[in-house]
Amino acid sequence: MSEREKQALINTAKKASQNSYSPYSHFAVGAALMAENGEIFAGTNVENISFGATVCAERSALCSAVTAGVKKFKALAVYHEGELAYPCGVCRQMLCEFGDMDVFLSDGSQCRELKLSNLIPYNFQTKEIK
């Protein structure tokens, strides 16, 4: 992945974080998924007073991509101003359904790069449930 693509992905996640609906946690997160063809899908967290109904930014981006018919990804960027935010366990599991990908975590001043498989090394796999 080029530096230009990486920056575009992080910038999209940052912009998405500005649309967060997070009146309870005040923890605005943006995410952006880059498809294999370079198309980018953004998402942000949408909280609900019934916390179980809250949708994370990563799943929001994933649902947008799948709705558009895209199911193969190169990378994910997650942005939270001032502090790195890691995807939750549910998001990690949902993302790994679509294969391993690069993950970029940014807080505006630093960026951590890793692979999704490092975030969830022992995920549920279809061969385990057949």
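The values are calculated or read from the model by the stated rules, or taken from the named source; none is laboratory data. Here the structure is a predicted model, which means the values were calculated and not measured. FYI the Cβ positions are ideal-geometry reconstructions off the backbone, even for glycines, and counts take in every protein chain you see. Remember, those area values only see protein heavy atoms, side chains included, never the ligands or the DNA or RNA. Shrake-Rupley method; radii C 1.70, N 1.55, O 1.52, S 1.80 Å.
Annotations
Here's the yes/no breakdown for (1) within 16 Å of the chain's Cα centre (by Cα); (2) under 14 Å from CYS88 (Cα atoms); (3) among the acidic types (Asp, Glu):
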| position | (1), (2), (3) |
| --- | --- |
| GLY30 | yes, yes, no |
| LEU33 | yes, no, no |
| ASN37 | no, no, no |
| GLY43 | yes, no, no |
| THR54 | yes, yes, no |
| ALA57 | yes, yes, no |
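- Residue match in the stretch 63-84 (condition: open to solvent by less than 20 Å² (accessible area, probe 1.4 Å), in contact with a Phe, Trp or Tyr (Cβ under 6 Å, 6 or more places away or on another chain), at pLDDT 95 or above and not aliphatic (A, V, I, L, M)): yes
- Residue check for GLU113: at pLDDT 95 or above, open to solvent by 10 Å² or more (accessible area, probe 1.4 Å) and of a type in the set (Asp, Glu): yes
- Filtered residues of the stretch 1-25 (kept if over 14 Å from the mean Cα position of the chain (by Cα) and β-branched (Val, Ile, Thr)): none
Conditions tested, residue by residue: (1) of a type in the set (Gly, Ala, Ser); (2) free of Cβ contacts under 8 Å to residues at least 60 places away in the same chain; (3) part of a loop (DSSP other than H, G, I, E, B); (4) within 20 Å of LYS14 (Cα to Cα).
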| position | (1), (2), (3), (4) |
| --- | --- |
| MET34 | no, yes, no, yes |
| GLY43 | yes, yes, no, yes |
| GLU81 | no, no, yes, yes |
| GLN93 | no, yes, no, no |
| GLY99 | yes, yes, yes, no |
| GLU113 | no, yes, no, yes |
| ASN118 | no, yes, no, no |
| TYR122 | no, yes, yes, no |
